[in-house]
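A short write-up of the structure that comes next.
The values are calculated or read from the model by the stated rules, or taken from the named source; none is laboratory data. This is a predicted model, so every value here is computed, not measured. FYI the Cβ positions are ideal-geometry reconstructions off the backbone, even for glycines, and counts take in every protein chain you see.
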Amino acid sequence: MSRIQLLPDILASQVAAGEVVERPASVVKELVENSLDAGASSVEVLIRRGGISLIRVSDDGSGMDRDDALLSLERHATSKIRHVEDLAAIATLGFRGEALPSIASVSRFRLTTREAGAVAGTEILVQGGRIETVRDGGEAPGTQIEVRSLFYNLPARRKFLRTENTESRNVEHQLHLQAVGHPRVAFVLVRDERVVFQLPATESLRSRLRDLYGAALVERLLEVAPGKQPRAQIGLSGWIGGAGVSRQTRAQQLVFVNGRAIESPVLTAALREGYHTALMKGQFAVTFLFLQLDPAAVDVNVHPAKREVRFRDPSAVREAVVEAIRRTLESGRADWQQQFRAPAGGTTSVSSVVGVSAANTVSALFPQLAPEVDRATVSAGENTQFGRDSARPSRSANPERSQGEESYEPSGELATAPKSQDFQIIGVLNKLYVLMENTNGLVLVDQHAAHERVLFEELRRRMEEKGVPSQRLLLAQTFDLPPRDAEWVERNVGTLQKMGIGIEPFGAHTFKVDSLPTFLPATDAAGFLREVIDSLRTVSSSSSALRLGEDMIAKTVCRHAVKANDPLRYLEVEKLIRDLLECELPYCCPHGRPTMIQISHLELEKKFGRKV
Ligand code: ADP
Ligand code: MG
């Protein structure tokens, strides 16, 4: 007898199931994708015991006639592609014709389906891949698929399942992906007879996100800003977290390519790079990002579960994403500035009392409010130097004050005629946090983080204008690099030199470095270069020059910025805040830590029990 045999169909399906059907969540994914491909406007998913005991997906889509229903259970049977050319431009979620037979081969399976207008529907019962019953069914138009006892005939597989709770969570996450990807479709998830969510159909992604994640998160999202010259091939839209909105996992980092939720190292790297200094180490940005590409520019036929894709031009995709993220983060700045600059409530009445001259000065500058240490050094001369009106009355200079002023009105004590668009400094806490007041309540500024951000952007600007000043090493250093690193350096010698790194090839895999940027300690040139190579190899080519500079700057800036315990003079504090508000990304320091925190009146009132 020959040793090679064709596998029986059912066994072949079970083998395929190994790739397509990993766990209950993958069953849900395949079934919901089928419903969406069938044009459903409403999809209901019910699971019991993590989906292990039951998964039921019902839709109001096109339904199937009896012949199609039977065919749909055959391997490689699909209505979605016909010719090899179709593979090059797939516009549906499914196309492999594998899911239904695979799922049916590892479960007790029931399909009921009916086309709109058909007299009767069809019901098919399948047991471990074997069709047992085909009969008329009387359900509403659409399709309903029940999958019971998943992997009952594949005990080895069953053992790989996690707890019911974990499997339920996976299903839930999977449905989140689908729901965010298709706001126009209503979704219901029922878990063990309890409704987990019920999402009405909506035209707007934003309201879908609100229904799913709550208003608090949605408030902190920025709409992806349209580019000035949108790239012809790549459309980008969606909502992304502003600086400081991040998670410890990638669970809320959703990316869709042509409506399909995907995982892609290219896109993960692009997101990180786009956020760059706006993200703390180890944190993941929150994104609901949609890429629209020519279907011919993406290959989805990479992975049986269609989770991964291959881009024809990955670097163009990466560039587009990086650019969109940067643009969007910066677009949130105006609102942010507005928020922190908004005047504190109740100040207007006071300003009219303090005096006309004060009413339209740039800001309140009151030495008596400065931190103790340097109060005395703030002189009138410095005032003018900062463009302030030094002749303005202040509490200490003018202890009697205007008669009309209510002396026990607390905001009156502090409010000192800010311009209508201004913040107000109250003082400095613990030599670190600047306290300010604005319309919404209290603002805390981390002076170190703020200064880092200001220095960072200043240095970067200088670097972009004049290049990086570099410094000769006393002794030139040579070092060897492994082939791929060497190749990278050879290709990027020009860029590296522009960044102030004097490097040149010095033999096959050997390089010589004779100068480094001035703001770097010159002790370990080789070590530094290895670091640079590692961090830059993953970065896209066109932004790498900038990125390299940014990394170097971020490191140096941290050492030079004012430290927690450096007492700042009042004027310095004020200038710092002003400079910060002018930054491109004022919300966080170059390492992604927040620079300012708002504590609203409401939060305070709750703390004091004035509101519940
Ligand atoms: P694929 O989705 O890759 O085509 P499947 O095995 O998932 O393969 O489904 C096989 C076929 O069954 C689909 O091409 C489609 O024509 C039909 N089908 C599956 N689910 C549904 C559904 N919910 N509504 C209508 N038709 C469906
Ligand atoms: Mg399918």
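The table below lists the values:
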{"read-out": "Number of positions in region 78-99 that are hydrophobic (A, V, I, L, M, F, W, C), under 21 Å from E19 (Cα atoms) and more than 6 Å from ligand 1 (Cβ to nearest atom)", "value": "4"}
{"read-out": "Helices (runs of 4 or more DSSP H) contained entirely in region 163-250, each with at least 2 residues that are not hydrophobic (A, V, I, L, M, F, W, C)", "value": "164-181, 205-213"}
{"read-out": "Region 21-31 - residue that is assigned to a helix (DSSP H, G or I) and more than 9 Å from ligand 1 (Cβ to nearest atom) and, of those, farthest from A261 (Cα to Cα)", "value": "P24"}
{"read-out": "Subset of region 79-93 [farther than 19 Å from S35 by Cα, in a loop (DSSP other than H, G, I, E, B) and within 36 Å of the chain's Cα centre (by Cα)]", "value": "A88, A89"}
{"read-out": "The one condition in (1) assigned by TED's automatic domain parsing to the domain that holds D59; (2) buried (at least 21 other Cβ atoms within 10 Å of the Cβ); (3) in contact with a Lys or Arg (Cβ under 8 Å, 6 or more places away or on another chain) that W239 fails to fulfil", "value": "(1)"}
{"read-out": "Unmet requirement for D67, which otherwise passes all of (1) surrounded by fewer than 17 Cβ atoms within 10 Å (Cβ to Cβ); (2) closer than 14 Å to T143 by Cβ", "value": "(2)"}
{"read-out": "Among the residues listed as R114, R135, R108, the single one being among the basic types (K, R) and closer than 15 Å to S13 by Cβ", "value": "R108"}
{"read-out": "Matching entry among E464, E437, E452 (being at pLDDT 50 or above, of a type outside the set (G, A, S) and not assigned by TED's automatic domain parsing to the domain that holds P586)", "value": "E464"}
{"read-out": "Every residue from region 256-306 that is part of a helix (DSSP H, G or I), under 25 Å from S204 (Cβ atoms) and in contact with a strand residue (DSSP E or B) (Cβ under 7 Å, 6 or more places away or on another chain)", "value": "L267, L271, Y275"}
{"read-out": "Subset of region 54-74 (residues that are away from ligand 2 (no atom under 13 Å from the Cβ), farther than 16 Å from I131 by Cβ and touching a Ser or Thr at 6+ places or on another chain (Cβ under 7 Å))", "value": "D60, G63"}
{"read-out": "Hits in region 100-109 - residues which are surrounded by 19 or more Cβ atoms within 10 Å (Cβ to Cβ) and more than 10 Å from ligand 1 (Cβ to nearest atom)", "value": "S105, V106, S107, F109"}
{"read-out": "Matching residues, region 33-78, being under 23 Å from A118 (Cβ atoms), in a helix (DSSP H, G or I) and not small (G, A, S)", "value": "N34, L36, D37, R66, D67, D68, L70, L71"}
{"read-out": "Filter pass, S42 being over 23 Å from V185 (Cβ atoms) and either buried (at least 22 other Cβ atoms within 10 Å of the Cβ) or more than 10 Å from ligand 1 (Cβ to nearest atom) (or both)", "value": "no"}
{"read-out": "Search result, residues across region 123-162 that are touching a helix residue (DSSP H, G or I) at 6+ places or on another chain (Cβ under 9 Å), of a type in the set (D, E, K, R) and part of a loop (DSSP other than H, G, I, E, B)", "value": "R162"}
{"read-out": "Matching residues, region 2-27, being in contact with a strand residue (DSSP E or B) (Cβ under 8 Å, 6 or more places away or on another chain) and of a type in the set (K, R)", "value": "none"}
{"read-out": "Subset of region 78-94 (residues that are basic (K, R) and in contact (Cβ under 8 Å) with a residue 12 or more places away in the chain)", "value": "K80"}
{"read-out": "Members of region 269-318 that are more than 16 Å from N258 (Cα to Cα), over 10 Å from the mean Cα position of the chain (by Cα) and charged (D, E, K, R)", "value": "E273, K281"}
{"read-out": "Residue satisfying all of: in region 472-505; acidic (D, E) and in a helix (DSSP H, G or I); surrounded by the fewest Cβ atoms within 10 Å (Cβ to Cβ) among these", "value": "E487"}
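Yes/no per residue for (1) crowded, with 20+ Cβ neighbours inside 10 Å; (2) under 19 Å from L111 (Cα atoms); (3) among the polar types (S, T, N, Q):
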| position | (1), (2), (3) |
| --- | --- |
| A140 | no, yes, no |
| V147 | yes, yes, no |
| L154 | no, no, no |
| K159 | no, no, no |
| E167 | yes, no, no |
| F187 | yes, no, no |
| L209 | yes, no, no |
| A215 | no, no, no |
| A225 | no, no, no |
